[in-house]
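The values are calculated or read from the model by the stated rules, or taken from the named source; none is laboratory data. Quick caveat: nothing in here was measured; it's all calculated off a predicted structure. Note that we place each Cβ from the backbone using ideal geometry, even for glycine, and neighbour counts take in every protein chain shown. All accessible areas refer to the heavy atoms of the entire protein, side chains included, with ligands and DNA or RNA removed. Shrake-Rupley method; radii C 1.70, N 1.55, O 1.52, S 1.80 Å.
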Amino acid sequence: MLRQFELVERVKSYDPDVDEEALDRAYVFAMKMHGSQKRASGDPYFSHPVEVAGILTEYKLDAASIITALLHDTIEDTAASYDDIKIMFGEEVAKLVEGVTKLSKIQLQSDQLKQAENFRKLLLAMSEDIRVLLVKLADRVHNMRTLKYHQKPEKRQRIARETLEIYAPLAERIGMQEMKNELEELSFKELYPEPYESITLRLKMLREEGNTFVEKVIAQLKEDLKDCGFETEITGREKSPYSIWRKMKRQGAPFEALCDIMAFRIIVPTIADCYHTLGIIHTKYSMIPGRYKDYISTPKPNGYKSLHTGVIGPEKHRIEIQIRTKEMHDVAEIGLAAHWRYKQGDYKTDGRQFAWLRELIDIMEQSDTSKEFLEHAKMEMYQDEVFCFSPKGDLITLPKGGTAIDFAYAVHSGLGNRCVGVKINGVIKPLKTELVNGDQIEILTSKTQTPSPEWERFAVTGKAKAAIRRFIREQKREQYLEVGREILQKAFKSEGYDYNDKSLENVTNNFQQKNVEDLIAEVGEGIVPVVDVLDAVFPGRKSNFTTRVVNVFKRSTKKINDNNQGSKKQNQINGLIPGLAYSFAKCCRPLPGDRIVGIVTTGKGVTIHRIDCSNLERFSQEPERWIDVSWNEDYISSESHVSRLRIVLENKPGSLGTLSNVIAKNQGNIANLNIIERTHTFFELSVDIEVKNVNHLSDIMAALRASPDINSVRRSQD
Ligand code: MN
């Protein structure tokens, strides 16, 4: 196990000014917190975070990352809290540790591999700081190195598969080639032991007999380049067993037929030298068509630069050659951490500690024409999507702003149609709550629930909106059918017949209807006059039926309107059961335009709260009391609403006058005013103002804030 002083020495070797004391404190804190916990290997648990920190020193990461590595399992697995870490190590480290903890909670189920891409996106989206991801990757590297100690094969395989599908590609995306290779090799070994053994063995044999081959090729290439006028460094290497196996699978080729089991790399001083070298190689050897790639002029989205070519090389063997500068090489091997190393000059002078982080963003921004970039590279790119989990752990992707309604419909339209409430991370929330990354969503349903037309206003996905509309349309159709039959029955009776759907079978064509139900619905909706139907069914009928039918029809249509739109002209609030009394909560004082929710109170009807009212917590265990409501925008009222503001203003003559002037100028009316606190320098006031709606209030608040005597203005929440 890496010792305390060794770790500190390693960090000091690349960052001499590091806060040694903080590293020591983190080391001791982690050791104390993990106490006697043990790893599967039997080692003290504490050896794990120390090794993870050690891995990160290889990438020369900053002190905050190293400390985060030491503490990365403390929130999750020990008694330590976010606040403990914040107090001891500051907010930056606390946030990083919290970030790693969040990522650790996401576990891929084996049957979810098809969603690997979404999981990778989720991890990127949740790693708001790239250092979170780096610590998580180092954590995974160490867990893979010690995978063999887990007893259960299923567990080892699950972890290995997750590593191969999620973490290795993530490492590649941020340019950590070395890390990616190690993760792939370790997973490959676990998941496919036989091919791993056989490829490794053949590589070993090839190496033994082929040593001379690699040496001959290197010697020949050196000879070819000896007059080029710049330094060259030539190495030959075999490809990794995993990449060989993948190629064998992809090309269906046997091991022997693979041309590039051996790859050669030429490192030269400058970019111009790269192209010069390429020219010499292509003049000397035949190029294999389709193998030349210029990643210098068009770098890969992760920042990788190099020239690649395949030629029939010395000894008439097909070989791959990569040509690059030293800096390109380091970036390729250890990713963006290398940029930091190369920019240490600027880092010292401009105080930017994470120059490489800046570089990452630059690289990502530069490659924004590449489609691959859009799919793979940028951390911020997933900001237009949110990723949430079902209780079973299925991952559902929604557009940004998506609500529980969208989630329910994304799972199944039946679930959407029956949802009454939602638990987000175990707590009841309004259906219209916007979801955030990593939320676990449990939709509460009721057999008797039907979608409310209100829902369409806060659904963002086309699927949810369409399903709600379809349901409403079908529901309306059901009602039209019911009303249509009622009308027809009465009309038939007046003619002395009993009505029956079959009676209409022969007349549907007269009305250009496909079937009887369509005709009944049209009668119910009032499109086809029932008199015309009677005339068609009973040609030459005598009775004078018209007036009575019109009456029935009018009453019926009104009923439909009431059911579906609420009494638009009378109610200020949409979504309430007609006739139920409602009032506005005194705690949060909602104004027209605020997002609101209704709480049913026995004997008192419905109390309307602002959606962010802290008192709603009290009802979190009673989903049946929550009602989704919204303001009726068509409702016109002269009545004003009282809103309460907390205002801090300077204690000087005239400041109260200013306050009332500003409010009056903006058509607000002060209903009440209380001084909460008064000191030499300021007053704190609670001011009740009558306003029309939330926009009116924001205008007044903006005007107050603009006035020099006024220190702060906020809406009161008590
Ligand atoms: Mn860990």
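For His412, the solvent-accessible surface computed with a 1.4 Å probe is close to 110 Å², ligands and nucleic acids excluded.
The listed residues Lys665, Lys216 rank as Lys665, Lys216 when sorted by accessible area, largest first, using a 1.4 Å probe. Within the assembled protein chains, the solvent-accessible surface assigned to Asp634 is about 100 Å², based on a 1.4 Å probe. Reducing the stretch 1-61 and the stretch 391-435 to their Cα centroids gives an inter-centroid distance of 41 Å. Residue pairs exceeding 21 angstrom between C-alpha atoms, taken from Lys392/Lys429; Lys189/Lys326; Lys148/Lys249: Lys189/Lys326; Lys148/Lys249.
For the stretch 611-666, the share of alpha carbon pairs falling in successive 5 Å distance bins from zero is 4, 10, 13, 15, 12, 14, 12, 9, 8, 3, 0 percent. Got a number for the accessible area of Met701? Probe 1.4 Å, square angstrom, nearest 10. Counting only protein heavy atoms, the figure is 20 Å².
For the peptides 89-102, 265-278, residues were scored by their other Cβ atoms within 10 Å and the scores averaged per peptide; the highest-first order is 89-102, 265-278. Annotation note: trypsin sites (Lys or Arg not before Pro) in the stretch 437-542 located in DSSP loop regions with a Cβ neighbour count of at most 12 within 10 Å are Lys447, Lys514, Lys542.
3J(HN,Hα) couplings calculated from phi for the stretch 167-180 with the Karplus curve 6.51 cos²θ - 1.76 cosθ + 1.60 (θ = phi - 60°) are, in sequence order, 7, 4, x, 5, 4, 5, 4, 9, x, 8, 4, 4, 5, 4 Hz; Gly and Pro show x. Amide H of Ile573: which non-local residues (sequence gap of 5 or more, or other chain) have their own amide H closer than 5 Å, using H built in the peptide plane? Here Asn632 satisfy the definition.
What do you get for GluC sites (Glu not before Pro) in the stretch 158-237 restricted to DSSP loop and a cutoff of at most 16 other Cβ within 10 Å of the site's Cβ?
Those satisfying the criteria are Glu231.
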